[in-house]
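Written below as structure tokens is the structure these notes are about.
Read the figures in this text as sums done on the coordinates, not as results from a lab. None of the values given here were measured: they were computed from a predicted structure. Neighbour counts run over all protein chains shown; Cβ positions are idealised from the backbone, glycine included.
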Amino acid sequence: MHGSRIPIWFFIGVLLTVYGAMILGYGIFEWLAGSYPAAVQLTQLHTPVWWGALLLALGIFYVLKFRPAKSAGASSAIKKQRVRAADEARHVTG
């Protein structure tokens, strides 16, 4: 059971992806609607779009890099079946 743990970085990647998508979505909406709060400086930089995109990219990177392996039990069972089939083939031909 020790080898089947899910790394914490996977969950951090999921959180970064969700937050990045939300912030990016808000930033795009704000950019298109032009609904900037009063007295906000440098609105032309569209900071939520950039930060949302950065968080989204970082989150996707973490999710892909630290994703849990597909069921280790299933892959070892497939390997055992292949070995068994190869052994049977050797016995039939030999």
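For P(r) over Cα pairs in 10 Å bins from 0, in percent, the choices are (i) 13, 22, 24, 29, 11, 0; (ii) 17, 46, 29, 8, 0; (iii) 15, 24, 18, 15, 11, 8, 5, 2, 0; which was calculated from the structure? Matching entry in (i) 13, 22, 24, 29, 11, 0; (ii) 17, 46, 29, 8, 0; (iii) 15, 24, 18, 15, 11, 8, 5, 2, 0: (iii). Ranking Leu45, Trp9, Ala89 by how far each Cα lies toward the positive end of the dipole of segment 7-93 (charges on Cβ) leaves Ala89 at the top. Applying a length cut-off of 30 Å (Cα extent along the axis) and a mean Kyte-Doolittle floor of 0.0 to the DSSP H helices of the chain leaves 8-33. Please identify, among Gly34, Gly59, Gly20, the residue showing maximal mean-square fluctuation in a Gaussian network model of the chain using a 10 angstrom Cα cutoff. Top of the fluctuation ranking is Gly34.
Placing +1 on the Cβ of every Lys and Arg and -1 on the Cβ of every Asp and Glu, with no other charges, gives the chain a dipole of roughly 700 debye about its Cα centre. Over the chain, what is the relative contact order in whole percent, taking alpha-carbon pairs under 8 Å and six or more residues apart? Once normalised by length, the contact order is 41 percent.
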